[in-house]
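This report concerns only the one structure given below.
The values are calculated or read from the model by the stated rules, or taken from the named source; none is laboratory data. Since the structure is predicted, the reported quantities are computational estimates derived from the model, not experimental observations. Cβ atoms come from the backbone with ideal geometry, glycine included; neighbour counts cover every protein chain shown. Calculation scope for accessible area: heavy atoms of the full protein, side chains included, ligands and nucleic acids excluded. Shrake-Rupley method; radii C 1.70, N 1.55, O 1.52, S 1.80 Å.
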Amino acid sequence: ITIYTDGGARGNPGPAAIGVVIIALRQAQGKAIVEWKKEYGEYIGEATNNVAEYKAVIFALKKLKQLFGQDKAKASEVEFVIDSELLAKQMNHEYKVKEEGIQKLFLEAHNLTLDFSKVIFTHVLRSKNTQPDKLLNQVLDKEENKLNI
């Protein structure tokens, strides 16, 4: 399972949203084939970018466990592809989590990873993480339009 996540806030802190794309791949004749793909965008209220990034990971882990059930989740390997280097290094235990507000989110995310066989976090450039970014910006645009009406 490959999960692309992004979280963002306009204003930092400001109105924030998450974008999540979950892709199940299978190997067939040496090629990766997409079995299914799910996309989610959700408004999370006022938050910082870092909080939004963590909330996206937490949402994705909860959603995947809900989709798979406990037994299938426990047998699944998951790769997160994210553009937050800080989150990737914190979740891979390369950086300490110093900010108190983030510590709680880190613990929640870490505890959720225990429901899966293996979870890794891969940092990519923003330009390689466009799908979840598009989803969260659509949500923020929609929320902004609601306020302007």
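Data overview
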{"read-out": "Only listed residue being crowded, with 18+ Cβ neighbours inside 10 Å and out of contact with any strand residue (DSSP E or B) (no Cβ under 6 Å at 6 or more places or on another chain), chosen from Ser127, Ser76, Ser84", "value": "Ser84"}
{"read-out": "The one condition in (1) open to solvent by 30 Å² or more (accessible area, probe 1.4 Å); (2) within 16 Å of the chain's Cα centre (by Cα); (3) of a type outside the set (D, E, K, R); (4) within 23 Å of Gly14 (Cα to Cα) that Asn92 fails to fulfil", "value": "(4)"}
{"read-out": "Residue in the range 61-79 that is touching a Lys or Arg at 6+ places or on another chain (Cβ under 6 Å) and in a strand (DSSP E or B) present", "value": "yes"}
{"read-out": "Inter-residue pairs, beta-carbon under 8 Å, first farther than 11 Å from Ala16 by Cα and in the range 131-149, second small (Gly, Ala, Ser) and part of a helix (DSSP H, G or I), 6+ apart", "value": "Pro132/Ala56"}
{"read-out": "Ser117 of a type in the set (S, T, N, Q), open to solvent by 40 Å² or more (accessible area, probe 1.4 Å) and over 20 Å from Asp6 (Cβ atoms)", "value": "yes"}
{"read-out": "Residue list for the range 9-45, filter: assigned to a strand (DSSP E or B), open to solvent by 10 Å² or more (accessible area, probe 1.4 Å), over 25 Å from Ala75 (Cα atoms) and in contact with a helix residue (DSSP H, G or I) (Cβ under 8 Å, 6 or more places away or on another chain)", "value": "Ala9, Pro15, Gly41, Glu42, Tyr43, Ile44"}
{"read-out": "Residues located in the range 52-72, provided they are without any contact (Cβ under 8 Å) to a residue 12 or more places away in the chain and open to solvent by less than 80 Å² (accessible area, probe 1.4 Å)", "value": "Phe68, Gly69"}
